[in-house]
Every structure is written in C-alpha cells, then in structure tokens.
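A short worksheet on the structure shown next.
Read-outs: derived from the displayed coordinates by stated rules, not from any lab. Being a predicted model, the structure only gives us computed values, none of them experimental. Here the Cβ positions follow ideal geometry from the backbone for every residue, glycine too, while neighbour counts run over all protein chains shown.
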Ligand code: FES
C-alpha cells in the first residue's frame with residue numbers, strides 16, 4: 001500500500017484509476033476501445049504500464065535530448081514485459097521564464113503529482129534535468145507516492161574558446177564580470193557567448209541541476225551511478241534503458257517515494273549537498289521535497305552537519321573542474337564511498353539495494369584531483385552555512401565554499417536597494433555612494449514579493465568598483481542565487497521584506513555585522529528604532545489579483561520551508 005492506501009505492488013495496468021461513469025466494467029471497456037485507437041494490440045493492453053514524464057520543450061535547451069531518452073526508457077520497459085506510455089508535463093527552461101523559474105516549480109510539481117495520480121500507471125519514470133524540473137518532479141512524485149524513478153538528462157560537455165575550456169554557467173558570470181569591468185571588449189564577449197553552452201544537457205558545473213541530480217541519487221530515486229553521466233555519452237542512453245527496465249521491479253518491491261524519502265535519506269542528501277559544495281538552491285529544494293513526506297530540515301541541523309562534513313569535490317563554482325570531470329573521476333559512487341562513515345547505510349534505492357550494499361563493492365578508480373579524501377578535503381567544512389540574528393530570525397544561507405574568507409568576519413555600512421528595479425536603475429550610477437567594504441542589501445525580492453525570489457542575489461559589483469578591480473563584496477538579499485555563481489553572498493533571508501522582515505527595515509548607512517564563525521547576521525540598529533521604522537515602512541507591494549500569480553502569492557511559504565505551497569505539504 002502507498003500512503004494514499006493504494007495497492008501499488010500488484011500491477012493493474014490500464015484498469016488502474018478508472019474514469020468514473022458509475023459503471024466500472026463500462027469504464028474499462030471504453031478505455032480499452034479508445035486505447036485501441038492508438039494501435040495497441042490486446043497483448044500490449046494487458047501489460048503493466050510504466051508512465052514516462054516527457055519534458056521535451058522548445059523552450060528548454062537542457063532537455064533537447066529528452067526524446068531520445070524517452071525512446072530508450074521505452075526499450076527498457078518493453079524488454080521487461082511492460083507497456084511504456086509517455087505523457088507531457090510543464091517543462092521549465094531556466095533562462096526562458098519570467099519573472100523566475102522558481103515561481104513555476106510548484107506549478108510543475110502539481111502538474112506532475114496530479115498526472116501521475118490521475119492516469120493509469122503502475123510506475124513512473126521522471127525525465128528531467130534543468131534546475132527546477134528535478135525538484136518539481138520529486139516533489140510531485142513524493143506526494144503522489146507511486147513507484148517513481150528519476151532519470152536526469154545529464155550535464156553538458158564543456159566548450160572551448162581560444163584554448164580555454166568553458167562551461168555554463170560559472171564561466172558565463174566570470175566573463176560577464178570582466179566585460180562589465182571593461183577587461184574584455186564586445187567582440188570577445190560575443191565570441192564567448194557561442195561557446196558557453198554547446199551541447200544538450202544541464203549546466204556543466206556543480207550548479208543547481210547537477211546538485212539536484214546528485215541529491216536524487218542520494219535519496220535513492222535514480223539508478224545508482226547515473227547522476228553525473230554526461231548528456232551526450234552513450235552511457236546516458238543505457239542508463240535510460242536500464243531505468244525503464246527497473247521500473248516494474250521497483251513497483252513489485254513496493255518501493256514508493258515514501259519508502260525512500262526518509263529522515264535518514266534526507267540527512268544523507270544534506271551530507272552530499274555539503275560535500276559537493278552544492279547549490280544554495282539545493283537546500284531550498286530538498287526542504288520542499290522532504291516537506292512533501294512530512295520531514296522538516298531545521299537550519300540549525302544544517303549547521304551541525306556542515307561543521308562535520310568536508311567539501312570533497314573540486315568543481316566550479318567552488319573549485320576548478322566540470323561535471324564531465326566528476327563523472328570520469330568516479331562520480332557519485334566514489335563520493336558516497338568517501339562519505340560512507342557519515343551516512344546512514346541502511347537507506348535503499350529504487351533497486352531495493354541498500355547504500356551499504358552498493359558501497360561494499362570494490363572501490364572503483366578515483367581521480368583525487370576531483371574527488372578528495374576526507375583526510376585531505378578540498379575544504380574542511382561543508383559548503384553551506386545558515387546564519388541567524390536580528391536581520392534573519394528565520395535564517396539565511398551563505399555558500400561559504402564559494403565565498404571569500406577575508407569577508408567572513410566583517411562590519412560594514414549598508415547600501416540599500418529597495419527592489420530589483422531600483423537595483424537596475426542605480427547600481428552602475430557614477431553618483432552611487434559606495435565603497436569596497438560596504439555591504440550591498442537588496443530588499444523585496446523574496447518568495448512573496450512580485451519578483452518571486454529570483455536568482456538576483458548575485459548583486460553585481462557596482463561598475464565603478466568593478467573597474468577598480470573589486471571582485472567581491474558582502475551582498476545580502478531575501479532572494480536566491482544561481483548554483484553556478486560565487487561570491488560572499490547571503491541569501492534566503494527569512495522572513496523576507498514583503499512580509500515585514502527586518503531586511504526591509506535596513507536603511508542606507510546602517511551598520512551590518514556578519515560573522516561566519518558565529519553563524520550570525522545582525523543589523524546594528526536598536527530595537528526602539530526598528531520598532532519605529534516598522535510602523536512607518538510603506539505597505540508591501542501589491543500582489544496579483546488573479547490566476548496562478550495570486551495562488552502563488554497567497555500560498556507560497558518562506559525559504560526556510562522550501563518555498564512550497566502551504567496546502568501541498570504532507571498533511572499531519
Ligand atoms: Fe538548464 Fe542551467 S539552464 S541547468
């Protein structure tokens with residue numbers, strides 16, 4: 001039985017979840033006759049069904065290889081006596097969505113959940129990859145609780161420009177910063193533009209997509225060893241075929257997401273997120289996925305784990321390499337083996353095998369330039385840390401592995417931008433009163449703001465400072481940052497400005513103190529003055545009055561709750 005009380009281990013195929021006409025036999029008769037319109041034989045219609053979520057879209061470059069993957073999944077299902085049926089859901093191409101892809105993650109999760117539940121399938125293969133698609137699919141699958149296997153599209157290969165290896169999208173940001181600072185000209189930046197994202201697949205670094213692929217594998221929801229296979233590698237197609245072949249066996253074993261997403265597997269995923277130096281979005285998405293199974297992730301627990309989990313992976317944006325290096329270095333198997341003493345080894349995967357069994361196999365080749373040992377880590381402590389204080393009572397996130405340690409203990413003068421529009425209007429102005437040791441603050445960009453928590457936390461260095469060679473400053477906001485970005489950037493400040501959080505009370509010239517050693521973020525303004533400001537701060541920005549925008553604004557939760565909708569959390 002799954003958590004909906006449905007018997008998921010006995011295949012029902014086309015007879016599962018009949019359309020309600022008040023006559024079950026008629027419903028099945030009608031369904032079979034309409035299925036026959038698609039040319040299926042009786043033999044095929046008797047088979048158990050594996051649904052395949054097809055997220056190919058002309059608006060999603062990362063998913064350009066999905067049709068070929070779906071074909072390979074189908075081969076695997078057919079070979080094991082199942083009937084594969086693919087169906088579309090929303091697809092989220094990161095850079096094609098306005099105002100920000102996060103706003104549509106919950107919509108895709110609802111689409112995925114409801115289509116899994118509403119249509120007849122004994123198991124489902126979720127084909128996804130771009131940043132928000134894997135979180136959305138895992139959130140939806142966790143709620144639908146049908147046997148589910150994630151197949152990621154895999155990372156892009158790197159490109160080359162004038163002898164230099166390039167990969168989306170850490171290098172996109174590095175070269176753009178050089179262009180803003182007039183270190184490279186328009187001809188060069190245009191030439192680079194064509195060499196940053198050159199193949200099918202997801203961003204080539206340890207950004208959000210790669211982080212989520214590794215988290216999916218750690219949760220046991222992909223086939224072991226498949227998270228990092230490059231999108232163009234023939235092994236990616238073999239992984240797809242094997243995933244299709246595994247699907248009905250996963251159903252037979254009754255391995256639904258409820259069995260795999262447990263407190264222990266979530267803690268394993270947190271360890272992996274920290275050891276990867278993974279994306280700050282990873283904590284947001286993992287919190288949302290876990291929340292669908294009633295599991296919470298207190299940010300103070302994140303800090304305990306972070307202090308005892310070294311960063312072992314040398315990939316951009318934290319280090320040097322790209323996902324293709326991670327794959328050839330040994331991939332997730334090598335990383336998990338290194339982390340084994342810190343992991344709950346009894347957790348299972350979709351194969352039914354425990355993590356302990358998997359890792360007991362003889363160690364494979366490991367390239368230590370990319371995957372370090374715990375004794376000689378890339379960094380001694382985990383990549384992410386949560387900060388608390390009067391500026392972020394509900395917490396904020398800093399990716400310390402991608403930040404400048406020289407800025408970890410600092411008190412600085414606030415330079416405030418009240419919205420994304422204000423930021424765009426003034427950041428490069430000659431008259432902006434800003435110094436290199438100031439702290440840039442962006443307000444009103446959190447989940448409930450009209451901006452919808454975009455990846456704007458990577459506030460650009462003001463042009464006049466960039467041109468003087470300033471490459472990093474402390475930047476604070478209630479929004480997010482791309483997993484491919486780097487810098488001393490405090491994100492996800494909770495509560496956000498739009499619901500009266502203290503970040504919205506900061507004024508130009510206030511002093512802010514950051515201490516990574518103490519995990520604190522404080523606005524050095526006394527309580528009386530903050531009380532006075534709270535009474536005189538203008539009302540929060542108007543919200544959409546209709547449609548999905550209204551649903552989102554009314555129900556999205558804060559970052560520490562994964563920015564999921566309140567009505568989609570697991571019921572008590
Ligand atoms: Fe799709 Fe980066 S744009 S993963």
Hey, rough spin-label estimate for residue 71 and residue 361, points 7 angstrom out along Cα→Cβ, what's it come to in nanometres?
2.8
At q = 0.09, 0.19, 0.21 Å⁻¹, base-10 log of I(q)/I(0) for region 394-521 (Debye sum, equal scatterers on each alpha carbon)
-0.21, -1.05, -1.31
Of all DSSP beta bridges in the chain, antiparallel share, percent nearest 5:
45
What number, in nm² with one decimal, is the all-direction average of the projected area of the convex hull of the alpha-carbon atoms of region 473-572?
9.4
Just order 526-535, 425-434 by mean Cβ neighbour count inside 10 Å, highest at the front, would you?
425-434, 526-535
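What is the calculated FRET efficiency for residue 12 to residue 570, with r their C-beta to C-beta distance and R₀ = 25 Å, to the nearest 0.05? Don't jump to the answer; show the numbers that get you there.
On the way: r = 25 Å, r/R0 = 1.01.
It comes to 0.50.
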The ratio Rg/Rh over the Cα atoms of region 221-317, Rh being the Kirkwood inverse mean 1/r radius, stands at 1.01
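Taking 8 Å as the Cα distance limit and 6 or more residues as the minimum spacing, I'd like the relative contact order of region 142-219 as a percentage.
Numbers: 83 pairs, mean separation 30.7, N = 78.
Across region 142-219, relative contact order equals 39 percent.
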Using just the alpha carbons, could you tell me how many Å³ per residue the convex hull of region 439-511 encloses?
92
Label points 7 Å out from Cα along the Cβ direction at residue 410 and residue 437: separation in nm?
1.0
Size of the chain along its principal axes in angstrom, Cα-based, largest extent first?
75, 53, 48
Largest-first principal axis extents, alpha carbons of region 173-255, Å
60, 23, 14
Students often get this wrong: which residues of region 420-446 have the backbone nitrogen under 13 Å from the point 7 angstrom along Cα-to-C-beta of residue 467?
428-432
With angles folded into 0 to 90 degrees, how steeply does helix 24-36 sit against the dominant principal axis of the chain? Use alpha carbons for both and round to 10.
80
Angle check, please: helix 527-536 long axis (alpha carbons) against the longest principal axis of the chain (alpha carbons), in degrees 0 to 90, nearest 10.
70
Obtain the nm distance between the two label points defined at residue 46 and residue 421 by a simple spin-label model: each point lies 7 Å from its Cα along the Cα-to-C-beta direction.
6.6
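For residue 64 and residue 300, compute 0.36 nm times the residue count separating them, minus their Cα-Cα distance, and round to one decimal in nm. Show your work: numbers first, answer last.
Values: separation 236, 0.36 × 236 = 84.96 nm, distance 3.96 nm.
Result for the pair: 81.0 nm of gain on full extension.
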Using a Förster radius of 45 Å, what is the FRET efficiency between residue 548 and residue 375 based on their Cβ-Cβ separation? Nearest 0.05, please.
0.35
Could you list 152, 415 in order of exposure, starting from the residue whose Cβ has the fewest other Cβ atoms within 10 Å?
415, 152
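Take the Cα atoms of region 20-85, build their convex hull, and give its volume per residue in Å³. Please list the in-between numbers first.
Values: hull volume 7.5 nm³, N = 66.
Convex hull of Cα atoms, per residue: 114 Å³.
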Span per principal axis, largest first, for the Cα atoms of region 71-230 (Å):
57, 34, 25
